1. Per residue of the chain, what 222 nm ellipticity follows from adding -39500 (n - 2.57) for every DSSP H run with n ≥ 4, rounded to the nearest 500?
2. Assuming 0.36 nm per residue, please report the length gained on full extension of the stretch residue 59 to residue 278 beyond their Cα-Cα distance.
3. Restricting to the range 101-282, compute how many DSSP beta bridges are antiparallel as a %, nearest 5.
4. Label-point separation (nm) for residue 193 and residue 20, each offset 7 Å from Cα along Cα-to-Cβ?
5. Of all DSSP beta bridges located in the range 166-268, what percent are antiparallel, nearest 5?
6. Could you rank the peptides 312-319, 99-106, 292-299, 232-239 by their average count of other C-beta atoms within 10 Å per residue, with the highest value first?
7. Compute the length gained on full extension between residue 212 and residue 128: take 0.36 nm times their separation in residues and subtract their Cα-Cα distance, giving the result in nm to one decimal.
8. Rounded to the nearest whole Å², what accessible area per residue is found for the chain with the 1.4 Å probe?
Amino acid sequence: MKKAVFVSREVFTEILDFLANHFEVQANQADRVLTPEELAEALADKDGAMVSLTDKIDENLLRRCTHLKAVCNIAVGYNNIDLAACSAHGVLATNTPGVLDDTTADFTWALILATARRLNEAERYLRDGKWDKWRLKQFLGLDVHHATLGIIGMGRIGQAVARRASGFEMKVLYYNQHRLPLEIESACRAAYVTKEELLKNADIVTLHVPYSPGTHHLIGAKELSWMKTSAILINASRGGVVDDNALVEALANGTIAGAGLDVFEGEPSVHPGLLKLTNAVLSPHIASSSKKTRFRMAMRAAENLVAALTNGNPPDLLNP
Ligand code: DGY
């Protein structure tokens with residue numbers, strides 16, 4: 001008898017076809033985010049699941065889903081999964097590292113350029129029919145070329161962002177929990193500094209850390225006050241890494257010049273203050289959303305699920 005799996009959110013039909021070669025598949029193609037109760041019910045008799053960052057996999061759920069052997073996240077970030085609880089219940093957990101680095105780095109640059117050059121604000125002005133003449137001092141922005149880029153979190157995505165900076169002939173500073181080997185530093189042309197040095201010297205600060213208790217509000221009022229008043233902050237990592245209340249205040253008071261944000265505390269809710277600010281460029285958690293990459297993420301999760309339930313050794317196992 002085939003094992004049973006559940007796919008918690010909409011995926012490409014090719015992914016369901018692939019899974020159907022191996023399993024009995026039930027899928028929530030309607031794409032409604034399930035309540036914890038609904039998710040627990042759907043998983044109660046399943047051997048495995050493909051889940052998204054909108055699904056919380058915690059002790060409460062795992063206690064009720066005694067059949068479950070594998071949970072495969074369609075994301076590299078996995079702060080929605082309690083790994084210790086998975087291990088305690090003998091559930092293999094996986095993520096999708098490596099397949100979205102370049103796409104996320106590309107989008108980080110979209111945010112950097114849009115924020116530095118005030119693209120969204122200028123477009124809104126034009127669409128609103130307010131453009132009546134060319135002006136010398138219209139939408140004066142920040143030059144990206146030759147600026148100093150500060151990267152906090154120098155994993156695969158941070159490094160991909162750094163490599164792209166050489167085209168803009170930028171100086172690159174980075175702060176990471178651990179200093180990187182010299183050959184990586186030189187490939188990225190990046191200098192290791194403290195978080196404080198980075199925040200005080202960078203014109204553009206971009207965040208690429210996972211969310212954890214250790215990175216909660218990594219950027220708060222104190223850190224924002226260290227930044228230059230002309231600097232911009234970019235976050236395409238996770239909501240909660242930045243204290244959104246403090247950020248709204250800093251953007252409104254001119255403590256920093258702008259922010260480009262793809263992720264938010266408590267998303268999909270967005271701080272109402274951010275929605276009102278013209279110096280914030282906002283996008284709905286789409287940094288990895290190219291057709292090719294979102295497909296690869298889903299396929300990678302499906303491959304992890306097949307491996308987890310057939311040989312117990314998925315390639316992206318988080319809790320060996
Ligand atoms: C990830 O993979 O963690 C991304 O945030 C999903 O969009």
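1. Roughly -10500 deg cm²/dmol at 222 nm, from the helical runs in the chain.
2. The residue 59-residue 278 span can extend by a further 74.7 nm.
3. 0
4. About 5.5 nm separates the two model spin labels.
5. Of all bridge pairs located within the range 166-268, approximately 0 percent are antiparallel.
6. Per-residue Cβ counts within 10 Å, averaged per peptide and sorted highest first, yield 232-239, 99-106, 292-299, 312-319.
7. Full extension of this stretch gives 26.1 nm more.
8. 49
The values are calculated or read from the model by the stated rules, or taken from the named source; none is laboratory data. Computed from a prediction, not measured in an experiment: that's the story for all the values here. Cβ coordinates were reconstructed from backbone atoms using ideal geometry, including for glycine residues, and neighbour counts include every protein chain displayed. Accessible surface areas use protein heavy atoms only, side chains included; no ligands, DNA or RNA. Shrake-Rupley method; radii C 1.70, N 1.55, O 1.52, S 1.80 Å.
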